[in-house]
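Structure first, commentary second.
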Amino acid sequence: MVVPIHQQRVLSGMRPTGQLHLGHYHGVLKNWIKLQHEYECLFFVADWHALTTHYSDTGSIEESTWEMIIDWLAAGVNPGSSKIFIQSQVPEHAELHLLLSMITPLGWLERVPSFKDQQEKLKEKDLATYGFLGYPLLQSADILIYRASLVPVGEDQVAHVELTREVARRFNHIYGREPGFEEKSEASIKKMGKKQAKLYRQLRTRFQEQGDHEALKTAQALLEGQQNITMADRERLFGYLEGSGMIILPEPQALLTPASKMPGLDGQKMSKSYGNTISLRDDMETIDKKLRTMPTDTNRVRLSDPGDPDKCPVWQLHAVYSNDDVKNWVQEGCKTAGIGCLECKRPIIDAVQSELKPIQERAKEYSENRPMVRNIVAEGREFAADLAKETLEEVRQAIGIQYR
Ligand code: TRP
Ligand code: SF4
């Protein structure tokens, strides 16, 4: 189903890992901040997801959640345009997860690559649990409950969005076939009025008989613009267009986040587990110290030894932060031993400090004003819960457990 751009909804979540670092900022957060200008965005803290691996050490989840939200806000996620909330505060996710679990074959979950990988990686933990096996399905529920069309994720999460699509398809296939679908669709068409109904029928025929995708898109836009039909009518007619049943849960699309080019202090990918990070909240002296002491080309022992930027993690930082003039200065100066390593690092130190200074000032404001942060999250929760309830109503109705 093609949804017009202005109505596309973006949803993404992050596990509460506490304070974020420059890798998160240059990878995920800047991307979110860009998306919030283009789409309706929902961003949430996946605290239940943290429980799937950290069920026995939950002590830091709450604080990590607040600190992470403060970092999102400080980095520029704008609560005026994006909704921010906490997963466990919208328990509808859990109901949808349960309902989806009824139709999800075990094999689909066992085949998700992260299942075996993570069990291997985190051997010290017992991850042979029900919750851990089901966590990609919980993620599917996170996405489907908002009928999100776009899900920005990293490479490692693409398989989860793929699973989500399969589960949605299966759900629609099983529950989208109401008895008398055809007759009901015809009745819904009539509610659009003569002219529009005729147009809808023509477009549907063009799509179904000639595979004309333009006609499909036009018909979908026509449905979006209908004022006098109900939500259920509209969904039925979306489904009827493609000849299937009702599309109750639309399939989302992964929006692959380009891998962060942000290297850590040792030249490897910046990651907490490598201990090579600059935290968004590191104070100015810490930033200065971390960068001054970071390794350089190991062949450059003395100032008079020429170096090779390609063998130096500092050069990778220049690639992120420096303009061409500075980069040329580094190349030239390094290879001819014309500059010292500390001198070479100076522009980086300045750039990181001036990047993080305003972020830290905002983080400080939010930290000192927790009621404001709680308000933002309460608002986000309310918005999210409304959408979630609406979806669940239709899901219950489709399954036949609405008791009305
Ligand atoms: N599983 C994701 C992670 O570990 C976090 C997540 C949970 C998520 N639910 C989501 C991401 C829904 C995108 C959409 O990073
Ligand atoms: Fe690395 Fe710069 Fe030193 Fe060359 S001069 S080794 S690029 S820090």
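The values are calculated or read from the model by the stated rules, or taken from the named source; none is laboratory data. Here the structure is a predicted model, which is why all the values come from computation and not from measurement. All Cβ positions, glycine included, derive from the backbone under ideal geometry; neighbour counts span all protein chains shown. Ligands, DNA and RNA are excluded from the accessible area calculation, which covers all protein heavy atoms including side chains. Shrake-Rupley method; radii C 1.70, N 1.55, O 1.52, S 1.80 Å.
Looking across segment 109-125, the residues that are within 22 Å of ALA94 (Cβ to Cβ) and either modelled with pLDDT under 90 or assigned to a loop (DSSP other than H, G, I, E, B) (or both) come down to VAL112, SER114, PHE115, GLN118.
In segment 272-286, of all residues being of a type outside the set (S, T, N, Q) and assigned to a loop (DSSP other than H, G, I, E, B), the one that is farthest from ligand 2 (Cβ to nearest atom) corresponds to ARG281.
Kindly indicate whether any position in segment 17-26 is more than 24 Å from VAL320 (Cα to Cα) and open to solvent by less than 40 Å² (accessible area, probe 1.4 Å).
Yes, some residue in segment 17-26 is more than 24 Å from VAL320 (Cα to Cα) and open to solvent by less than 40 Å² (accessible area, probe 1.4 Å).
SER81 meets all of the listed conditions (1) touching a helix residue (DSSP H, G or I) at 6+ places or on another chain (Cβ under 8 Å); (2) closer than 30 Å to GLN36 by Cβ but one, namely (1). The single residue among LEU144, LEU150 that is buried (at least 20 other Cβ atoms within 10 Å of the Cβ) and out of contact with any strand residue (DSSP E or B) (no Cβ under 8 Å at 6 or more places or on another chain) turns out to be LEU144. Filtering segment 171-200 down to residues that are in a helix (DSSP H, G or I) and of a type in the set (A, V, I, L, M), which residue is nearest to ARG234 (Cα to Cα)? Looking at the filtered set, the residue picked out is ILE189. The residues on offer are ASP57, ASP71, and the sole one that is over 30 Å from ILE247 (Cβ atoms), more than 16 Å from ligand 2 (Cβ to nearest atom), free of Cβ contacts under 8 Å to residues at least 12 places away in the same chain and not polar (S, T, N, Q) is ASP57. Here the helices (runs of 4 or more DSSP H) wholly within segment 1-83 that include at least 3 residues being among the charged types (D, E, K, R) are 61-75.
For the residues ASP288, ASP283, ASP308, the requirement of being within 18 Å of ALA351 (Cα to Cα), out of contact with any Gly (no Cβ under 6 Å at 6 or more places or on another chain) and open to solvent by 40 Å² or more (accessible area, probe 1.4 Å) singles out ASP283.
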